[in-house]
Structure formats: C-alpha cells, structure tokens
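Asker: Here you go, one structure.
The values are calculated or read from the model by the stated rules, or taken from the named source; none is laboratory data. Quick caveat, the model's predicted, so the values are computed rather than measured. We place every Cβ from the backbone using ideal geometry, glycine too, and count neighbours over all the protein chains shown.
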C-alpha cells in the first residue's frame, strides 16, 4: 500500500487568500498534482492521500468547503488529521462523508493506519489524552498485522526550541505505548513544516518522520536529503505485505506565478 502524505496547507475561506505571503489553495492544488505524479513515477499510483493537519488557517466553514471541492476531484480515498489550526466540528461537518477523520482505524491491505487526533482547543501544542492513548493501545493489541500511526504534533523534541515548546504534551506516554506494541512499525507527523527523521527510543528500526508543508518551510533542523529545504514537499510511504517499510521524501518547485513567490 502506498500513502501520499501532505501536510499543513493552511487554507482560507477566500480561495485566493494568502497565508504567510503565499496563496494556500493554489499551492495545495499544485502539491496534489506534483505529489501524485511523483508517486506514480516511482511505481504504482498512491492508494491513499493523508493530509496531516493544519488544514484551515482561519478555521472557517468556507476553508473546509474549498478543501472538499479540491478533494472531490481526486479518484482516491483521503484521511485527514486536525491540527492546531483547525476547527474539528466544522471539519467533520463539511468533510466527514468525503474523508476518514481521526481518531480512526483505516485498513490498508495487510496493514492498519491508526489516525490520532492531537488537537487541543485554544492551544498551539497538542494532546492525545488518557482515553485516546488507551484506545490506541487496544487497537494495537488487536491488530492482526503491522500498523502505522499518524498524528499532527511531533511526539518528541526535534531540536528546534520554538517547535519543541508547542509539540505533543503527552508525547512520552505515546512513545511508551508504541514501544510496548509489536504491531506498531512507524509514525508520521506534520506541524513542523520540514523534513525530519528519527527513531523511536528503544526501537531503532521504528521510523519517526516529520513532513514538509505544502505552503512554507520552517527550519530546517536537519539537512534536507534532497538539498531542497526551501521547496514545498511531502512524503511517499510504501507499506509492504510482509511488514516492510519504505519512505521517500518528495519535493517540488513552486509554480511559476508572481503571487506564489512572495516572501514568507
């Protein structure tokens, strides 16, 4: 199974609206086109689109309608995570019939994708809470095959003091659950607007992967493996039938439009 991960588009109600000096909706549309094309060029087309949070900067009904209109043009299923720049109730009301929304378990062939909701009302950082952590532990215990986990906020410090101050409050509890679960094989997150790669403490074979933004870059804390830290990007996750994992960082150029080149 192949998952195209995009993150942090920061859409607005105004389809021509800009966030951090860049037009959010055209850049997400461009990211979808380039990301799906790169996935197809690397092998077979993506089986699922995952957008890992901060979907709507102004947390507006119109912003989620813009996203639904864009997703309705796609032939593949979609999974969405709420970030700190989201309104979970509006997200579910507008997109609940088009996408799988966290928290949820999504079967993917022999795998399961476990979507977590780290949105914390009124805060930039995130939290899962005891009930959701217990739910995750139960789902991992009953999973007949390997499982991949996705959430918006990073569960551990990435080495950037500003970002580390607004990460996941109960990240250590999440990591403890994952260490105990043999079914869990990897985790992806958004929020940090940059490539980041680490491993679960105590399980070096377990990747922890941060995703670039479709809008603007932050950082970078780590050098971009492609040498393109200033470009928008995403990730391609390939989950093999025997539990094997392959992940590929994707980057693409900004579209040639004067408004897109505005400063961050």
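Asker: Filter segment 23-42 for residues that are surrounded by fewer than 16 Cβ atoms within 10 Å (Cβ to Cβ) and out of contact with any strand residue (DSSP E or B) (no Cβ under 7 Å at 6 or more places or on another chain) and give the result.
Answerer: Selection gives 33, 37, 40, 41.
Asker: Please state which of the following conditions residue 79 fails to meet, knowing it meets all the rest: (1) more than 21 Å from residue 106 (Cα to Cα); (2) outside any helix (DSSP H, G or I); (3) in contact with a strand residue (DSSP E or B) (Cβ under 9 Å, 6 or more places away or on another chain).
Answerer: (1) is the only condition that residue 79 fails.
Asker: If only one of 207, 223 is farther than 18 Å from residue 23 by Cα and either out of contact with any strand residue (DSSP E or B) (no Cβ under 7 Å at 6 or more places or on another chain) or in a loop (DSSP other than H, G, I, E, B) (or both), which one is it?
Answerer: Answer to the check: 223.
Asker: So which of 215, 174, 187 is within 18 Å of the chain's Cα centre (by Cα), touching a residue at least 24 places away in the same chain (Cβ under 8 Å) and assigned to a strand (DSSP E or B)?
Answerer: Details: 215 fails: assigned to a strand (DSSP E or B); 174 fails: assigned to a strand (DSSP E or B).
The unique qualifying residue is 187.
Asker: Let me ask something else. Of the numbered conditions (1) crowded, with 21+ Cβ neighbours inside 10 Å; (2) more than 23 Å from residue 80 (Cα to Cα), residue 195 fails exactly one; give the number of that condition.
Answerer: (2)
Asker: Among what's in segment 98-116 and is outside any strand (DSSP E or B) and touching a strand residue (DSSP E or B) at 6+ places or on another chain (Cβ under 7 Å), pick the residue that is surrounded by the fewest Cβ atoms within 10 Å (Cβ to Cβ).
Answerer: This residue is 98.
Asker: Moving on. Just need a number here: residues in segment 1-21 that are more than 20 Å from the chain's Cα centre (by Cα) and either under 22 Å from residue 195 (Cβ atoms) or part of a strand (DSSP E or B) (or both).
Answerer: 2
Asker: Of all residues in segment 82-93, how many are in contact with a helix residue (DSSP H, G or I) (Cβ under 9 Å, 6 or more places away or on another chain), assigned to a helix (DSSP H, G or I) and surrounded by fewer than 21 Cβ atoms within 10 Å (Cβ to Cβ)?
Answerer: 2
Asker: On to the next question. Under 6 Å between Cβ atoms, at least 6 apart or on separate chains: pull out the pairs that start in segment 32-48 with a residue that is part of a helix (DSSP H, G or I) and end on any residue that is exposed (fewer than 13 other Cβ atoms within 10 Å of the Cβ).
Answerer: none
Residue-by-condition table, conditions (1) under 19 Å from the mean Cα position of the chain (by Cα); (2) surrounded by fewer than 22 Cβ atoms within 10 Å (Cβ to Cβ); (3) at pLDDT 95 or above; (4) not in a helix (DSSP H, G or I):
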site: 123; (1), (2), (3), (4): yes, yes, yes, yes
site: 131; (1), (2), (3), (4): no, yes, yes, no
site: 137; (1), (2), (3), (4): no, yes, yes, no
site: 144; (1), (2), (3), (4): no, yes, no, yes
site: 149; (1), (2), (3), (4): yes, no, yes, yes
site: 157; (1), (2), (3), (4): yes, yes, yes, yes
site: 166; (1), (2), (3), (4): yes, yes, yes, yes
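Asker: Residue 72 is checked against (1) under 16 Å from residue 29 (Cβ atoms); (2) touching a strand residue (DSSP E or B) at 6+ places or on another chain (Cβ under 8 Å) and fails just one. What number does that condition carry?
Answerer: (2)
Asker: Moving on to the next point. With the checklist (1) touching a helix residue (DSSP H, G or I) at 6+ places or on another chain (Cβ under 8 Å); (2) closer than 30 Å to residue 177 by Cβ; (3) buried (at least 22 other Cβ atoms within 10 Å of the Cβ) in hand, flag the one item residue 53 doesn't pass.
Answerer: Unmet for residue 53, out of (1) touching a helix residue (DSSP H, G or I) at 6+ places or on another chain (Cβ under 8 Å); (2) closer than 30 Å to residue 177 by Cβ; (3) buried (at least 22 other Cβ atoms within 10 Å of the Cβ): (1).
Asker: Same structure again: Going residue by residue through segment 61-76, is there one that turns out to be modelled with pLDDT of 95 or more, outside any helix (DSSP H, G or I) and under 21 Å from residue 253 (Cα atoms)?
Answerer: Taking every residue of segment 61-76 in turn, none turns out to be modelled with pLDDT of 95 or more, outside any helix (DSSP H, G or I) and under 21 Å from residue 253 (Cα atoms).
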